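Shown next, in structure tokens, is the structure this report addresses.
The values are calculated or read from the model by the stated rules, or taken from the named source; none is laboratory data. Nothing here was measured: the structure is a model prediction, and the numbers come from that model. With ideal geometry, Cβ positions are generated from the backbone for all residues, glycine too; neighbour counts draw on all protein chains shown.
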């Protein structure tokens with residue numbers, strides 16, 4: 001992960017944070033991960049916040065960069081949430097289980113076929129990390145039955161057993177509340193003085209560009225509209241929020257009552273290298 005040059009406002013956010021928290025970084029790959037946009041996102045994080053919320057936590061790049069002392073992280077992906085809980089509470093067990101994995105096609109297919117609910121908690125989290133780091137493009141996709149179905153990727157030496165990164169992440173997650181919940185249930189806990197970062201599955205820019213199947217039921221346009229209503233409710237309650245989404249015309253119209261800003265981000269998820277590059281993304285915020 002490249003080291004970012006922090007601006008004065010960003011530095012002040014972390015001046016009183018423990019050193020190990022400042023070094024923490026995402027321990028999984030996630031489609032639409034925000035590592036490359038951190039400098040832009042940090043401009044919108046208040047210098048002082050009562051509590052940090054992230055209801056679509058994914059890889060948690062902004063959470064790890066801000067390193068808040070009080071936070072609620074949540075997601076509707078049960079395997080992702082379980083992994084976060086185990087990294088927080090039993091990181092050494094997760095590392096031990098990861099040490100038993102190898103990057104081989106037959107092993108990958110065997111691990112992918114396992115029912116995660118039949119594994120021990122640490123082995124279940126290790127399975128998630130192993131598949132995430134060795135599958136095609138780090139894409140977490142499930143079928144209608146909720147089973148992970150992404151093929152193995154082509155890597156030279158994928159680093160799925162990474163003690164330094166996992167130990168730092170575990171330390172950063174200490175004391176953090178981690179929930180398996182839909183975004184509306186998670187946002188009930190947000191109060192004035194809190195800050196919420198929302199990074200939902202993006203509205204597809206074309207009929208073939210959607211990667212919303214992080215859970216068996218996906219994330220539909222009706223869900224996008226529900227999220228916009230949730231942002232209105234946050235604003236009425238005096239809660240600061242920042243939202244990322246694709247810069248489609250209908251998303252811009254959905255949030256026309258709020259401040260909007262366009263940013264450019266690299267995207268590497270397309271299977272054709274020639275179709276990858278920088279794309280416009282939309283930031284929506286209320287202050």
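For the stretch 101-119, give me each residue that is touching a residue at least 24 places away in the same chain (Cβ under 8 Å) and not in a helix (DSSP H, G or I).
Residues satisfying the conditions are 101, 103.
Name the one entry in 167, 131 that is in contact with a helix residue (DSSP H, G or I) (Cβ under 7 Å, 6 or more places away or on another chain), surrounded by 19 or more Cβ atoms within 10 Å (Cβ to Cβ) and in a helix (DSSP H, G or I).
Result: 131 is the single residue among 167, 131 that is in contact with a helix residue (DSSP H, G or I) (Cβ under 7 Å, 6 or more places away or on another chain), surrounded by 19 or more Cβ atoms within 10 Å (Cβ to Cβ) and in a helix (DSSP H, G or I).
Applying the selection to the stretch 75-97, what residues are within 15 Å of the chain's Cα centre (by Cα) and either on the phi > 0 side of the Ramachandran plot or part of a loop (DSSP other than H, G, I, E, B) (or both)?
Result: 76, 77.
Given the conditions (1) under 25 Å from residue 137 (Cα atoms); (2) buried (at least 17 other Cβ atoms within 10 Å of the Cβ); (3) under 14 Å from the mean Cα position of the chain (by Cα), report the number of the one that residue 72 does not fulfil.
The failed condition is (1).
Give me a count of the residues in the stretch 179-205 that are touching a residue at least 40 places away in the same chain (Cβ under 8 Å) and in a loop (DSSP other than H, G, I, E, B).
Residues in the stretch 179-205 being touching a residue at least 40 places away in the same chain (Cβ under 8 Å) and in a loop (DSSP other than H, G, I, E, B): 15 in total.
Which one of these is more than 26 Å from residue 69 (Cα to Cα), surrounded by 15 or more Cβ atoms within 10 Å (Cβ to Cβ) and at pLDDT 95 or above: 239, 196, 251, 284?
251 is the lone residue from the list that is more than 26 Å from residue 69 (Cα to Cα), surrounded by 15 or more Cβ atoms within 10 Å (Cβ to Cβ) and at pLDDT 95 or above.
Report, by residue number, each residue of the stretch 151-164 that is within 20 Å of the chain's Cα centre (by Cα) and either without any contact (Cβ under 8 Å) to a residue 40 or more places away in the chain or farther than 17 Å from residue 127 by Cα (or both).
159, 164
Would you check if residue 59 is more than 24 Å from residue 239 (Cβ to Cβ) and at pLDDT 95 or above? Before you say what the answer is, go through the steps one by one.
Details: more than 24 Å from residue 239 (Cβ to Cβ): no; at pLDDT 95 or above: yes.
No: the conditions fail for residue 59.
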